[in-house]
Amino acid sequence: LVRACSRAAVGANGPAGTHPAGTHQTRAFRRAASTPPRLPHNPATMAAFGGDDALGAMMAATLPRSTMSKDQMQSIANGARPKTARPKTARPKKETTPWTKEDVNKLKKACKDVPSTVEKQQRWRQISGIVGRSKRECYDKYKELKEAQKTKNELKKTMTRAFEERLAALGLKEPAA
């Protein structure tokens, strides 16, 4: 009976393009053709989602913690695109008091005192407690100071190289090798 049903379902030559005329079907293919598809969740879970229809089966196949309603699932099943998370909007920066030289020195000292081996959030929490400003303000100012130092070092290298080349062109110094 299984062979008769599966042959009737797939035709005499097998499914389209998979079995040439006269070849035998594999056991796995016969089993797949004769058994209903297995559902990943138990019947109790499916019943909670209305598992007697295709939509219920789709809902049961999703995570049990799904926050989608049955209407939202129905619209997705009908081809609607699911809503994605909204992109974060840029928050307007709070007005802060300008950094004084004393504040910058406190920040530099705190960055040296608090080891970088401490977890990042904890480290900046400690630094902000020492400086007396928020974590975000301290972190942003630190990045700004670090970038300024990097630019200063690059400029110094460029100026030193240009100065040495000028001295060499005047014959006052040997060019660097």
### Query
Considering only protein heavy atoms, what is the solvent-accessible area of M159 at a probe of 1.4 Å, reported in Å² to the nearest 10?
120 Å²
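Could the peptides 127-137, 106-116, 143-153 be put in order, highest first, of the mean number of other beta-carbon atoms found within 10 Å of their residues?
On the way: 127-137: 16.9, 106-116: 14.3, 143-153: 10.7.
Output ranking for 127-137, 106-116, 143-153: 127-137, 106-116, 143-153.
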### Query
Which of the pairs K112/K141; K106/K135; K109/K157; K120/K156 have their Cα atoms more than 20 Å apart in this structure?
K109/K157; K120/K156
### Query
Carbon-plus-sulfur fraction of the accessible area of segment 107-177, 1.4 Å probe, in percent?
55 percent
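The values are calculated or read from the model by the stated rules, or taken from the named source; none is laboratory data. Keep in mind the model is a prediction, meaning the values are calculated, not measured. Using ideal geometry, Cβ is built from the backbone for each residue, glycine included, and neighbour counts are taken over all protein chains shown. Accessible surface areas use protein heavy atoms only, side chains included; no ligands, DNA or RNA. Shrake-Rupley method; radii C 1.70, N 1.55, O 1.52, S 1.80 Å.
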